[in-house]
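Chemist: My structure is below; once you've seen it, I'll send some questions.
The values are calculated or read from the model by the stated rules, or taken from the named source; none is laboratory data. Quantities reported herein were computed from a predicted structural model and do not represent experimental measurements. FYI the Cβ positions are ideal-geometry reconstructions off the backbone, even for glycines, and counts take in every protein chain you see. All accessible areas refer to the heavy atoms of the entire protein, side chains included, with ligands and DNA or RNA removed. Shrake-Rupley method; radii C 1.70, N 1.55, O 1.52, S 1.80 Å.
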Amino acid sequence: MPERSIFQTRSLYLLVYDELAMRISSGVWKPGALLPSEQELAAELSVSIGTVRKALAELEGRHLIERRQGRGTFVVDQDADRVCERFSNFCNKDGRRIAGIIKLKSLTLEPASTEEAQLFRLPVDTDCIHIHQIRVHHEHVFMSEHVAMPASLFKSVRRIEDMPRNLGSLAQRHGVILENAVEQVVVSPLTVEAAHDLGRQPGEPALFVRRVVYAAGHRPIHVRSGFCWLNEHTSYRVGLG
């Protein structure tokens, strides 16, 4: 770990977190890998066990590692459904989070809009990946959405066939650590395209959800905007407090 400058204001445990997170994102520690013990990490990084424990707690809180009783601490597989579903507020009738089956309708490489360039902190006209897709649960299309991502961050994606099955898998393939997401929900009239996807009439009021996913360092890397139409198999749920 780099030497800590006397002018360094970032807490020591966060510097340890940065080092361990880098090992995960760079592939030094693969998904499912067993991490060294707290004692081994403390000795290697020349810090206290307490500092290592705080760094590991931060990693666990951000769903990068998981502790298994009596077995040790392991790197989380971001491709796992249970990990990807943490970014979804949609639930089935039993209250379990669902991401739905994603079906891609189109994928293009186009210059970023002014809004996208500002969000992703890119020069105007830098290429972004634009996707039109639907989400299906119980054979019911419950969402019609558009996705935008910086093309420079996901260099392997240029065609529909290049897209993995979920965002977690995409991030893992490119060494991106997913951190959290923020959603905004409003009621808005269905567009012609969304109405066609959802089997409704244009102009009908529906939920419009805009979600921004952030990578480590609170960097926006994925924005999804779309209309949803719920039924007895699906609901939108958020926690309070």
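Chemist: Do we have Val238 as at pLDDT below 95, β-branched (Val, Ile, Thr) and either farther than 27 Å from Ile24 by Cα or under 21 Å from the mean Cα position of the chain (by Cα) (or both) here?
Modeler: yes
Chemist: Can you name the number of the only condition in (1) open to solvent by 30 Å² or more (accessible area, probe 1.4 Å); (2) modelled with pLDDT under 90; (3) not small (Gly, Ala, Ser) that Leu64 fails?
Modeler: Status for Leu64: all satisfied but (1).
Chemist: Could you go through region 130-149 and let me know if any residue there is of a type in the set (Phe, Trp, Tyr), in contact with a Cys (Cβ under 7 Å, 6 or more places away or on another chain), touching a residue at least 12 places away in the same chain (Cβ under 8 Å) and open to solvent by less than 80 Å² (accessible area, probe 1.4 Å).
Modeler: yes
Chemist: Do we have any residue at all in region 112-121 that's part of a loop (DSSP other than H, G, I, E, B), touching a residue at least 40 places away in the same chain (Cβ under 8 Å) and closer than 23 Å to Ser156 by Cβ?
Modeler: The answer is yes; a qualifying residue exists.
Chemist: Looking at (1) open to solvent by 60 Å² or more (accessible area, probe 1.4 Å); (2) modelled with pLDDT under 95, which is the one condition that is false for Lys105?
Modeler: Checking Lys105 against (1) open to solvent by 60 Å² or more (accessible area, probe 1.4 Å); (2) modelled with pLDDT under 95, the one that fails is (2).
Chemist: Taking region 207-241 only, how many residues are aliphatic (A, V, I, L, M), open to solvent by 40 Å² or more (accessible area, probe 1.4 Å) and in a strand (DSSP E or B)?
Modeler: Count: 1.
Chemist: Out of all the residues in region 152-185, which are open to solvent by 50 Å² or more (accessible area, probe 1.4 Å), of a type outside the set (Val, Ile, Thr) and assigned to a strand (DSSP E or B)?
Modeler: Hits for region 152-185 are Asn180, Gln184.
Chemist: If you go through region 186-206 one residue at a time, how many are open to solvent by 60 Å² or more (accessible area, probe 1.4 Å) and more than 14 Å from Leu230 (Cα to Cα)?
Modeler: Here the count works out to 8.
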